Amino acid sequence: MFYFSYGSNMDPRQILRRCPSSKFYSRAILQDYKLDFTLKSRRRRCGVANVIPCKTKKVVGVIYQIKSARDWERLDSAEGFKEGRDAGNLYTRSLISTDAYDKKKPNLLAYIYIGLIENSPPPPSNLYLDQIIYGAQYWGLPSEYIQDIINMQKIRYKNHVKA
């Protein structure tokens, strides 16, 4: 099964700790969504990444192939998702269609975690943002996209400080 990662799980060190069976498959694009930081992580004590619908934007991320059911269980737990639970999930796991970044690879259906949108979540910490940026750079995501992430964090931080 394939998994589209757009946040801290792009960091190859983190995904291998959580999912030892994971293998990088490709870079991919999620059309008609934008990256935002709409949730507060109690564990990290900062805002964490999410994707929200937006017709004029796209999210660039990483597709991993994860073969182990145990790895999916660990990933679900790390993302605050439990299948069949009616309330209490921070994220839902859904199948989405992604476009291949590398035209030699096919477009894929992949699982994605889409989070809740909370009122006034805190900005991401520098450590968390650095982890996302490290993964994006490691996998060769476009430098303009990485700069957009850095700029978005600066804007959210300024707005949070004013509130």
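Set against the labelled values (1) 0.94; (2) 1.09; (3) 1.06, Rg/Rh (Cα atoms, Kirkwood Rh) computed from this structure falls on (1).
Per-residue ellipticity at 222 nm from helix content only, as computed over the chain with -39500 (n - 2.57) for each DSSP H run of at least four residues, stands at -9500 deg cm²/dmol. ARG93 sits with roughly 50 Å² accessible to a 1.4 Å probe, with DNA, RNA and ligands left out of the calculation.
At full extension, ALA87 and LEU16 could sit 22.7 nm farther apart than now, given 0.36 nm per residue minus the alpha carbon distance. Hydrophobic long helices, here whole DSSP H runs in the chain with Kyte-Doolittle means of at least 0.5 and Cα atoms spread over 18 Å or more along the helix axis, are not found. Modelled spin-label separation between ASN126 and LEU95, with each label point placed 7 Å from Cα along the Cα-to-Cβ direction: 4.4 nm. For the pair GLN65 and ASP32, the difference between a 0.36 nm per residue extended length and the Cα-Cα distance amounts to 9.6 nm.
In terms of accessible area, using a 1.4 Å probe and ignoring ligands and nucleic acids, MET10, MET1, MET152 rank largest first as MET1, MET152, MET10. Per residue, the Cα convex hull of segment 58-134 amounts to 141 Å³. Solvent exposure of segment 41-153, expressed per residue, is 57 Å² of accessible area, with all protein chains present and a 1.4 angstrom probe. Taking label points 7 Å from Cα along the Cα-to-Cβ direction, ASN119 and CYS54 give a separation of 2.2 nm. Spin-label model, LEU109/GLN137: points 7 Å from Cα along the beta carbon direction are separated by 3.7 nm. May I ask you to give the percent of accessible area on segment 51-157 that is carbon plus sulfur, with a probe radius of 1.4 Å? Carbon and sulfur: 52 percent of the exposed surface of segment 51-157.
The values are calculated or read from the model by the stated rules, or taken from the named source; none is laboratory data. Quick caveat: nothing in here was measured; it's all calculated off a predicted structure. Ideal geometry is used to build each Cβ from the backbone, glycine not excepted, and the neighbour counts take in all protein chains shown. Heavy atoms of the whole protein, side chains included, go into the accessibility calculation; ligands, DNA and RNA do not. Shrake-Rupley method; radii C 1.70, N 1.55, O 1.52, S 1.80 Å.
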